[in-house]
Amino acid sequence: MDFTRPAPPSGRALRSYFLISALICAAICAVILITLLGQTGPVLSHNPASLFGTVWNPNLGQYGIIPMLYGSIVVMVIAMAIALPLGVLTAIYIAETRSARLRGIIKSALEVLAGIPSIVYGLIGVAYISVWVAKGLDLQTGRLILTAGLILAVMILPTILTLTEDAISNVPVIQRENARALGLYRHEVILDVVLPHARRDILAAGLLALGRALGETMAVMLVIGSLDRLPSPIFNVLSSGQTITSKLGRELGESAFGSAHFSALVLMGLILVLITLTLTGAAQWLINRRPNGVEAIYD
Amino acid sequence: MISRAAKEHIFAAATRAALGLSVCILAFLLGAIIVRGAQAISLDFLFMPSRDFGSRGGISYQIFGSLLIVLTAGLIAAPLALGASVYRSEYIKNTAAQRLFDLALYGLNGVPSIIFGLFGLILFVNIFGTGLSWFVGAVILAIMMLPTACMATISAMRGIDTPYRENAYALGLTREQTALRIIIPQSLHGLVTGLLIGLARAIGETAPIMFIATAFSGAGVPSSLAEPVATLPTHILALAQQAADPAALQNAWGASFTLIALVAMFSLAAFFARARLLPLSQR
Amino acid sequence: MPQSQHLKLVSSAPHHVAISLENFGVWFGDSCILSGVNAHLPKRGVTVLVGPSGAGKSTLLRALNRISDDMAGLSIQGRAYFEGCEIYAKDCDVTKLRARIGMVFQKPCVFPRSIAQNVLFGLRGVKLSQAQKHDIVEQALRGAALWNDVHARLGERADTLSMGQQQRLCIARALALKPDVLLMDEPTASVDPVSARTIEALMRDLGRTIPVLTVTHNLAQAKRIADHVLFLCEGQLVEAGDAAHMFSNAALPKTQTYLCDEFCEC
Ligand SMILES: Nc1ncnc2c1ncn2[C@@H]1O[C@H](COP(=O)(O)OP(=O)(O)OP(=O)(O)O)[C@@H](O)[C@H]1O
Ligand SMILES: [Mg+2]
């Protein structure tokens, strides 16, 4: 018998098809990064120092990205500051409730919400939230950094809620029962046993939500007011602003390919990808990591 | 110091308040979309082309354009996801290489959607000189769908018991034949589910296609690969920017409702595909 | 209940009783897990709960300190009293009740903290100095026969201990609260024979000061440690009584088959 018979030609063709698809899938991420990197040349050779400035004025060759970076971060912080506590507390209630029906209803509502496209959130922001903010705070316009933060909070709430609820439900029942058998109150069981047990997954959920908040374009773009300046005073979230994504969404169509203007936008995009990739990577790492660590003898 | 019992009450009140607030938000979102959408929807609206930059008339071309782009994207992504998943689960045996591949997929999944638009704008529209083209939009959406489709397929392949493979090898089947006759048929449900979930997400995407594949008005049925189409998300974007006009806003809600109905359709299809296509051995 | 005369334990006078059950029953949805249980747990000694798998032993134990309260579909019938107070009364403070009724589960479960923190885990609402904490930890660990094993590594994480040590840590954790009753659900099921012997001796010791209600499938072990025996089968309390009486000449043939016949062989 001939054990060394070569693979039939169709086999070889199949094999190369598998290989090529795998290579494409694995390489796209790198291709995207390289493509973006390739377009950053003009602004870097033109006036790199202006990048770190606070003025964005393409006509004068000034491409300060600080206002956009600041806007992205502030909007993200507002969204997280609202959605994280709200999501975690709600998840605690859902995970601890005895009503299977309530849990079922909320879980399916969340699934529906997670499927709503971001442009629809943008529409809701324009039609309702910005109007309410303007009326409620008696301002001329409701298109503010705060509004963008609010709409983002609403958008990432389902993500945080679902993932946190999963994390809490995954804490072994036996851990809770042992804690309860020692006469701990419900809140003590949750704060001292359940949350520490689930904290890594909750943190990962938070990081994923952060990445989503940073990368969100349409909803933010429609409600943030598109003002390329740092608010004054700096923490005034009741002023219009700009995030990296909203900037890209507004100006990519208007800037000439290959110009310093375009390449400044690309550079911002590159910064955005690097931040979100870091966040996703950190979340993945947290999820995969094994628990470890020694603590103090007494509390 | 607050007593333990008092803390218990405070904590319970806090979680209940959070639940109340969250439920209000969920109810408001769903309610707004359904009520405003239902007011705007009619047969005429669904089957008439738009007029006056979309603020009058219907959304027939937008529906057509959206479906055209995402279904084409699905057709492009399917073979790539299938091949890559087979290679990942049947050929790569080295853990480091597996990790690297997974990392690339997770990375791709974490790239913000606007970046895909930027990438398409640079590489296809400008460097390859395609101009605004619905087909380029489909390619970009296909890339966005790849991680979802691949992960679902790979996890389905992981679910196939090793004895299947061992038996196939024992019968003298080559790796390729095993993949073709055993692995792919047994993991088809993963691919279909992943693709449908990917489609549900892709059809709602605006940022990746708005610079490369769509025209805001006046686009009809394209006669070549290199023409823009109108899509629902970009239509909503255009209308949302004229929110001061009640008619435009009304149409925006109608388009949103239609878009969400399409998303729900793909999600439901994914749900049923999973149930129907799951091989007997895994039920 | 025709059998109820068998069910009275010897010392049924109220001041000798820690826990008493009157026509006690547990339902999950519409399946009846326990019904018509009338029993008294004496204030001293080790009471062993025996019965085939699925008889409802764990269910009974878990109902006594209301650990199963949160399970969907659970309903309770009849009455259960702990030191004269009704356990399932509306105004019963479940948290205090659980702190007074110690419980050790079949599978040891320690919290991912230091050994000392585990022992002190249930002590809440009292301000303790380091020295007091140390005293409590030492006393509880000695009580659980674990002090010699771990006194040099109190700061290490509890999940680094062996299973048998973890089970004893769980006992120490319950002892630190100075409970009035100790419920133990197959405490030796997941530990090696040597640790099992240690835990048996421990139960005998504890039985001198507080009532211990323990479940076991090991009849030899039951014989070694029991002062009193409750025999549970298919959700019914079949027979209860003194260990000597139950193991040698139980009244009912069913009990004899389960308890005595097997013993005749060894
Ligand atoms: N959460 C639950 N829902 C419904 N039925 C349950 C539940 N928990 C236990 N049961 C049922 O209650 C009965 C008694 O279970 P229990 O755990 O008390 O038995 P056991 O005597 O402790 O058995 P073992 O010796 O095997 O531990 C069993 O028939 C079981 O199926
Ligand atoms: Mg049991």
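The values are calculated or read from the model by the stated rules, or taken from the named source; none is laboratory data. As the structure is a prediction and not an experimental result, all values here were calculated from the model. With ideal geometry, Cβ positions are generated from the backbone for all residues, glycine too; neighbour counts draw on all protein chains shown. Only protein heavy atoms, including side chains, enter the accessible area calculation; ligands, DNA and RNA are left aside. Shrake-Rupley method; radii C 1.70, N 1.55, O 1.52, S 1.80 Å.
Just to be sure, is C:Lys90 closer than 29 Å to C:Val17 by Cα and more than 8 Å from chain A (Cβ to nearest Cβ)? Break it down into steps so the answer makes sense when it comes.
On the way: closer than 29 Å to C:Val17 by Cα: yes; more than 8 Å from chain A (Cβ to nearest Cβ): yes.
Considered against the rule, which asks whether it is closer than 29 Å to C:Val17 by Cα and more than 8 Å from chain A (Cβ to nearest Cβ), C:Lys90 comes out as yes.
Looking only at the range B:31-54, which residues are at pLDDT below 90, surrounded by fewer than 19 Cβ atoms within 10 Å (Cβ to Cβ) and of a type outside the set (Lys, Arg)?
Selection gives B:Ala38, B:Gln39, B:Ile41, B:Ser42, B:Leu43, B:Asp44, B:Leu46, B:Phe47, B:Met48, B:Pro49, B:Asp52, B:Phe53.
How many of the residues making up the range A:185-213 are open to solvent by less than 30 Å² (accessible area, probe 1.4 Å) and at the interface with another protein chain (Cβ under 7 Å from one of its Cβ atoms)?
4
Out of all the residues in the range C:228-261, which are closer than 20 Å to C:Gly36 by Cα and hydroxyl-bearing (Ser, Thr, Tyr)?
C:Thr255
Can you tell me which residue in the range C:43-68 is nearest to ligand 1 (Cβ to nearest atom), limited to those that are more than 14 Å from every other protein chain (Cβ to nearest Cβ) and within 13 Å of C:Phe24 (Cβ to Cβ)? Please lay out each step first, then the result.
In the first step, residues of the range C:43-68 are kept if they are more than 14 Å from every other protein chain (Cβ to nearest Cβ); the result is C:43-57, C:60.
Cutting the leftovers down to within 13 Å of C:Phe24 (Cβ to Cβ) gives us C:56, C:60.
Working: C:Gly56: 4, C:Leu60: 7 Å.
Per the stated criteria, the residue is C:Gly56.
Only one of A:Val75, A:Val55 is of a type in the set (A, V, I, L, M) and at pLDDT below 85. Can you tell me which?
Numbers: A:Val75 fails: at pLDDT below 85.
Being of a type in the set (A, V, I, L, M) and at pLDDT below 85 holds for just one of A:Val75, A:Val55, which is A:Val55.
For the range B:165-183, which positions are at the interface with chain A (Cβ under 10 Å from one of its Cβ atoms) and in contact (Cβ under 8 Å) with a residue 40 or more places away in the chain?
If the condition is that a residue be at the interface with chain A (Cβ under 10 Å from one of its Cβ atoms) and in contact (Cβ under 8 Å) with a residue 40 or more places away in the chain, then B:Arg175, B:Ala179 are the ones that fit.
Regarding C:Gly102, is this residue part of a strand (DSSP E or B), within 14 Å of chain A (Cβ to nearest Cβ), away from ligand 2 (no atom under 16 Å from the Cβ) and surrounded by 17 or more Cβ atoms within 10 Å (Cβ to Cβ)?
Details: part of a strand (DSSP E or B): yes; within 14 Å of chain A (Cβ to nearest Cβ): yes; away from ligand 2 (no atom under 16 Å from the Cβ): yes; surrounded by 17 or more Cβ atoms within 10 Å (Cβ to Cβ): yes.
Criteria met by C:Gly102.
For the structure I just gave you, tell me whether A:Thr162 is more than 8 Å from every other protein chain (Cβ to nearest Cβ), among the polar types (S, T, N, Q) and either within 23 Å of B:Gln250 (Cα to Cα) or open to solvent by less than 20 Å² (accessible area, probe 1.4 Å) (or both).
On the way: more than 8 Å from every other protein chain (Cβ to nearest Cβ): yes; among the polar types (S, T, N, Q): yes; either within 23 Å of B:Gln250 (Cα to Cα) or open to solvent by less than 20 Å² (accessible area, probe 1.4 Å) (or both): no.
So A:Thr162 fails the test.
Determine which member of the set A:Leu86, A:Leu37 is within 12 Å of chain B (Cβ to nearest Cβ), assigned to a helix (DSSP H, G or I) and open to solvent by 60 Å² or more (accessible area, probe 1.4 Å).
Numbers: A:Leu86 fails: open to solvent by 60 Å² or more (accessible area, probe 1.4 Å).
Unique residue meeting the criteria: A:Leu37.
Which residues, counting only those in the range C:47-96, are open to solvent by 50 Å² or more (accessible area, probe 1.4 Å), within 19 Å of the chain's Cα centre (by Cα) and within 16 Å of ligand 2 (Cβ to nearest atom)?
C:Ser53, C:Gly54
Consider only pairs whose beta carbons are under 9 Å apart and that are at least six residues apart or on different chains; among these, list those whose first residue lies in the range C:14-36 and is without any contact (Cβ under 8 Å) to a residue 24 or more places away in the chain and whose second residue is within 9 Å of ligand 1 (Cβ to nearest atom).
C:Asp30/C:Gly73
Mind counting the residues in the range A:130-145 that are buried (at least 22 other Cβ atoms within 10 Å of the Cβ) and in a helix (DSSP H, G or I)?
Number satisfying all stated conditions: 2.
Considering every residue within the range B:261-278, establish whether at least one is open to solvent by less than 10 Å² (accessible area, probe 1.4 Å) and away from every other protein chain (no Cβ under 11 Å).
no
On the basis of being touching a residue at least 12 places away in the same chain (Cβ under 8 Å) and open to solvent by less than 30 Å² (accessible area, probe 1.4 Å), does A:Ile94 make the cut?
Considered against the rule, which asks whether it is touching a residue at least 12 places away in the same chain (Cβ under 8 Å) and open to solvent by less than 30 Å² (accessible area, probe 1.4 Å), A:Ile94 comes out as yes.
Yes or no, residue by residue, for (1) facing chain A (nearest Cβ under 10 Å); (2) within 30 Å of A:Leu102 (Cβ to Cβ):
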position	(1), (2)
B:Gly20	yes, yes
B:Ala32	yes, yes
B:Leu43	no, no
B:Ile63	no, no
B:Gly83	yes, no
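Being open to solvent by 10 Å² or more (accessible area, probe 1.4 Å), under 14 Å from the mean Cα position of the chain (by Cα) and not aliphatic (A, V, I, L, M), is that true of even one residue in the range A:216-237? Spell out the reasoning first.
Initially, the range A:216-237 is screened for residues open to solvent by 10 Å² or more (accessible area, probe 1.4 Å), giving A:216, A:225-237.
Checking the rest, the ones that are also under 14 Å from the mean Cα position of the chain (by Cα) come to A:216.
Remaining after also requiring not aliphatic (A, V, I, L, M): A:216.
Yes - at least one qualifying residue is present in the range A:216-237.
Which of (1) more than 27 Å from A:Leu89 (Cα to Cα); (2) part of a helix (DSSP H, G or I); (3) out of contact with any Leu (no Cβ under 8 Å at 6 or more places or on another chain); (4) of a type in the set (Lys, Arg) does A:Lys247 not meet, given it meets every other one?
Checking A:Lys247 against (1) more than 27 Å from A:Leu89 (Cα to Cα); (2) part of a helix (DSSP H, G or I); (3) out of contact with any Leu (no Cβ under 8 Å at 6 or more places or on another chain); (4) of a type in the set (Lys, Arg), the one that fails is (3).
Please return the ranges of helices (runs of 4 or more DSSP H) entirely within the range B:64-177 where 2 or more residues are open to solvent by 20 Å² or more (accessible area, probe 1.4 Å) and at pLDDT 90 or above. Step through it out loud before you land on a result.
Numbers: elements: B:95-110, B:113-120, B:134-158, B:162-170.
Where helices (runs of 4 or more DSSP H) fall fully within the range B:64-177 and carry at least 2 residues being open to solvent by 20 Å² or more (accessible area, probe 1.4 Å) and at pLDDT 90 or above, they are B:134-158.
So how many residues does the range C:202-226 have that are within 16 Å of ligand 2 (Cβ to nearest atom), in a loop (DSSP other than H, G, I, E, B) and within 13 Å of the chain's Cα centre (by Cα)?
1
Report, by residue number, each residue of the range C:213-259 that is among the hydroxyl-bearing types (Ser, Thr, Tyr) and closer than 27 Å to C:Pro179 by Cβ. Break it down stepwise before answering.
Our first condition is that a residue be among the hydroxyl-bearing types (Ser, Thr, Tyr); within the range C:213-259, this holds for C:214, C:216, C:248, C:255, C:257-258.
Matches in the range C:213-259: C:Thr214, C:Thr216.
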